[in-house]
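We did not get these values from a lab; they are worked out from the coordinates using the rules stated. This structure is a prediction, so every number in the text was calculated from the model and none was measured. Using ideal geometry, Cβ is built from the backbone for each residue, glycine included, and neighbour counts are taken over all protein chains shown.
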Amino acid sequence: MQSCIVTGMANKKIKAAVFSLILCCNLAFCLDSPRQKKVKILPFPVFGYSPETGTYVGAVTLLTLNAYNDISTRTSNAKLEFNYTWKKQIILEGEWNYFFKKEKWFSKGKIHYSKYPDYYYGIGGDTPPDNKAIFDSNRFLFAISALKKVGPDLFTGFNMQYSGYSSVGSVEESAAYPELEDGASFGIGYSLLRDTRNSLLTPTRGAYTYFRISYNLSEKNYWKMTLDTRYYKTWKSRITLAVRAVNDLRFGNPPFFDHAFLGGDQFVRGYYYGRYRDKNLSSLQTEIRFPLFWKFGAALFGGLSSLYSGNHPFNLKSIKYNIGLGIRFLVDKGDGTNLRMDYAVGQDNNDGFYMSFGESF
C-alpha cells in the first residue's frame, strides 16, 4: 500500500511537470517579444505539487516594470499568485521589488493570506515524525522595507512586519501543544542592503547582502536579526554559479509561527514548510545553472541547513541536507525572465515540486 501511495505522488509530480512544459511551449511565442516595453504582464496558470500543499492549481501573474527607461535603474517587478489545493487550502500572495528613478530609493515587500489545515511537529531541528499534530488557522502577513540609496549600490532604511494567526483550531492531537493559539506579532527595525546584481529575477553576476534587525511586539517581545548574502558568477559557457548563505536569528521567545523555518519554493527547497522550526537557522545553498537548447535551461542545486536554539549551529542532529534539479524556460527574452520548475529532496522523506517565475535566489 505504501509503495502505491509513493508511486501515486510521483505520478502527480511528473504530470505537473509535463503539463507545465506544454503550457510553456504554447505561450512562448506570445510572451517573448523583441520590443522593449515599459510594463510587461505575464499571466500563467499553475499546476504543481509541494510538500505542504499536495497538488495545487491556480494562477500567477508577473509584472515587470521599467518606468524610467534609463540604464541606471534596474527593472522592477511584482508578482501576484493564487492557489487552491486538494487539501482545501487557499493561498493568496503578492510581493514586489521596486526601484525609484536612478535607484535613489528602493522598496520591497510582501502581503500574504492563507487559510488551511497544517501540520505542527513542535520546536526543534530534530523533532520525530510521530510528533505530528494538525491544526487550522487563518494567516495574514504584511512586510515592507523602504530604503534610501546612500552610496554605490548601497541602501539603508527601515523595515516593518506584521504577522497574525487567527481561528487557530485543534483538528487532531493539538492539545499536546498549548502554544498553538491565536496570536500576532508586530516588528519594526533597521535594514542595510548592498545589491550589485544585474537582475532581480534571474541574476547572472554580482552580489547581494541584506542585513535586517527588528524589535517585535507580541505576547513576549523579542528581537530578530537576519543576514542574507548571495554571490553570482557566469562564465563564457553561460554556466552560472549561485551561492547563498543565510543566518536568521531570534533573541527572546517568539510565538510558534515566527520561528525560523525550512522549506518553500524560495528557500531550502525539498522540505515541508514548517516541518522543522527553531529560534535560529543557518543555511548554505549552492546552485549551478546552464543552458540546454532553444529556450530551455537546467539547474542542479543543494545545500546544508541547521536549526537550533542556542549558539551551536553544528549539532549533527539538527543539520539537514537538500538536493534537487530543475528546468528553466525563457518566457521573456528582453528581461531574461524564466519560468522555473524544480524538484527537490530533503531528509526524512521530504520532497517537493515547485513552479514559479524567476530564480529561487
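To the nearest 20 debye, what charge dipole does the range 109-151 have about its Cα centre, counting +1 at the Cβ of each Lys and Arg and -1 at the Cβ of each Asp and Glu? Show your work: numbers first, answer last.
Numbers: 6 positive and 4 negative charges, 103 e Å.
Roughly 500 debye, rounded to the nearest 20.
In whole Å, what is the distance between the alpha-carbon centres of the range 298-358 and the range 50-81?
19 Å
What's log10 of I(q)/I(0) for the range 2-357 at q = 0.06 Å⁻¹, Debye sum over Cα points only, no solvent?
-0.22
Quick one: Karplus J couplings for the range 88-96, per residue in order, coefficients 6.51, -1.76, 1.60, θ = phi - 60°, nearest Hz, x for Gly and Pro?
Rounded to whole hertz, the list is 6, 9, 10, 9, 10, 9, x, 8, 8.
If R₀ is 35 angstrom, what is the calculated FRET efficiency for the pair Val150 and Phe251, using the beta carbon separation as r and rounding to 0.05? Mind showing how you got there, number by number?
On the way: r = 27 Å, r/R0 = 0.77.
Using R0 = 35 Å, I get an efficiency of 0.80.
Dividing the alpha-carbon radius of gyration of the range 224-361 by 2.2 N^0.38 Å (N being the number of residues), what value is obtained? Each step should come with its number before you reach the end.
Values: Rg = 16.0 Å, N = 138, 2.2 N^0.38 = 14.3 Å.
For the range 224-361, the normalised Cα radius of gyration is 1.12.
Students often check this: by mean Cβ neighbours within 10 Å, which of 342-348, 131-137 ranks highest, and how do the rest follow? Kindly include the intermediate steps, with their values, before the conclusion.
On the way: 342-348: 19.7, 131-137: 16.4.
Packing order, densest peptide first, comes out as 342-348, 131-137.
For Ile327, Ile144, what ranking results if the residue with the fewest other Cβ atoms within 10 Å of its Cβ goes first? Display every interim value, and only then the final one.
Working: Ile327 20, Ile144 15.
Exposure proxy ranking, most exposed first: Ile144, Ile327.
Sort the following peptides by mean Cβ neighbour count (other Cβ atoms within 10 Å, averaged over residues), highest first: 258-270, 297-309, 99-111.
Top of the packing list down: 258-270, 297-309, 99-111.
Within the P(r) computed for the range 69-181, what percentage of the Cα pairs occupies the region above 21 Å?
Numbers: 3527 of 6328 pairs.
Across the range 69-181, Cα pairs with separations above 21 Å total 56 percent.
Given H placed 1.01 Å from N in the peptide plane, which residues other than close sequence neighbours of Gly206 have an amide H under 5 Å from its amide H?
Those lying under 5 Å, H to H, from Gly206 are Tyr232.
Could you work out how far the C-alpha centroid of the range 214-274 sits from that of the range 91-162, in angstrom?
After rounding, the separation between the Cα centres reads 10 Å.
Place the peptides 231-240, 207-216 in order of packing, highest mean first, counting for every residue the other Cβ atoms within 10 Å and averaging per peptide.
Working: 231-240: 13.9, 207-216: 18.2.
Sorting 231-240, 207-216 by mean packing, highest first, produces 207-216, 231-240.
State to the nearest 20 debye the size of the charge dipole of the chain about its Cα centre, where the only charges are +1 on K and R beta carbons and -1 on D and E beta carbons.
On the way: 44 positive and 31 negative charges, 346 e Å.
Dipole magnitude for the chain comes out near 1660 debye.
If the elastic network links every pair of Cα atoms under 10 Å, which of Lys87, Lys224, Lys279 fluctuates the most in the Gaussian network model of the chain?
Lys87
Normalised by the number of residues in the chain, what is the relative contact order in percent for Cα pairs under 8 Å and 6+ residues apart? Before the final figure, lay out the partial values.
Working: 968 pairs, mean separation 43.8, N = 361.
Value for the chain: 12 percent.
Show which lysines lie in cross-link reach of Lys236 when reach means a straight Cα distance below 22 angstrom and same-chain residues fewer than eight apart are skipped.
In chain and number order, the partners are Lys295, Lys333.
On the principal axes of its Cα set, how long, how wide and how thick is the range 135-274? Give whole Å, largest value first.
Cα spread of the range 135-274 along its principal axes, largest to smallest: 58, 34, 22 Å.
Starting at the first residue of the range 227-236, write each ³J(HN,Hα) from the Karplus equation 6.51 cos²θ - 1.76 cosθ + 1.60 with θ = phi - 60°, in whole Hz, x for Gly and Pro.
Calculated HN-Hα couplings, in order: 10, 10, 10, 9, 9, 9, 9, 10, 8, 4 Hz.
For n ≥ 4 DSSP H runs only, could you compute -39500 (n - 2.57) per run for the chain, divide by its residues and tell me the 222 nm figure to the nearest 500?
Values: 1 runs with 30 residues, N = 361.
Theoretical 222 nm ellipticity from helices: -3000 deg cm²/dmol.
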